[in-house]
Amino acid sequence: MRKNIVAGNWKMNKTLQEGIALAKEVNELLAGEQPACDVIICTPFIHLASVVPLVDPTKIGVGAENCADKESGAYTGEVSAAMVASTGAKYVILGHSERRAYYHETVDMLTEKVKLALANGLTPIFCVGEVLQEREAGKQNEVVATQLASVLALSPADFSKVILAYEPVWAIGTGKTATPQQAQEMHAFIRGVIAGYYDEDVADNCSILYGGSCKPSNARELFANPDVDGGLIGGAALKAADFKGIIDAFK
């Protein structure tokens with residue numbers, strides 16, 4: 001059975017000290033209870049080694065927001081999958097729309113990142129999604145299917161280790177949110193692509209998260225959809241109480 005997951009993506013926010021405080025606060029809010037979903041916080045690279053030992057690993061997983069597409073070497077400023085894993089982090093976000101748009105990450109680059117993440121024992125949270133112009137042109141399915149190529153190249157065994165996240169890019173940081181119906185339609189389409197490439201069992205066992213202005217106020221309605229298995233949370237993950245409110249949507 002696929003897992004329900006709420007993952008926070010802090011993006012380029014929080015100093016080290018602020019990040020430590022936020023991680024402690026999330027950890028304290030979950031003390032004394034067992035969440036009804038898996039909980040992950042994905043922090044800037046510099047936070048990882050400090051945050052990992054601060055949280056209860058039975059309740060909170062820790063991940064990075066990216067990793068390099070090279071194993072090691074003279075790549076100034078890059079952070080390898082092995083480096084991420086060495087901090088004790090277990091997850092890594094790959095293919096986020098901001099990485100694709102601002103840093104021109106391609107399908108081939110992301111294919112390498114996914115392979116390196118898996119080789120180092122990390123679970124990729126792999127993002128796909130269309131921009132507003134593509135949605136308005138009715139090309140969202142075509143765009144998402146093309147982006148999925150980076151993970152559909154994997155063996156069924158390796159693909160089973162990947163978490164997917166659908167981001168309607170037009171709903172990130174804009175205050176707009178895909179309707180529950182729009183989210184369900186795309187998640188069902190993604191699951192259908194997976195079933196066509198592998199089989200129904202592989203598709204049924206893949207967790208697909210929604211990532212687009214998910215808040216405590218709309219999380220329960222979004223997560224009620226049969227193909228929406230949780231959320232990749234941006235802004236609301238920066239406030240412990242809001243993040244906890246989204247986690248509680250699975251109660």
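Bear in mind these aren't lab numbers, they're just calculated from the coordinates by the rules spelled out. Keep in mind it's a predicted model, so treat the numbers as computed, not measured.
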Once the in-chain neighbours fewer than 8 apart are removed, the lysines whose Cα is under 20 Å from Lys14 read Lys24, Lys215, Lys239, Lys244
Please report how far the C-alpha centroid of the stretch 226-251 lies from that of the stretch 150-206, rounded to the nearest whole angstrom. 18 Å
How about Lys161: which lysines have a C-alpha closer than 18 Å to its C-alpha, ignoring those fewer than 8 places off in the same chain? Lys3, Lys90, Lys113, Lys115
Who wins for biggest fluctuation among Ala240, Ala137, Ala203 in a Gaussian network model of the chain, springs between alpha carbons below 10 Å? Ala137
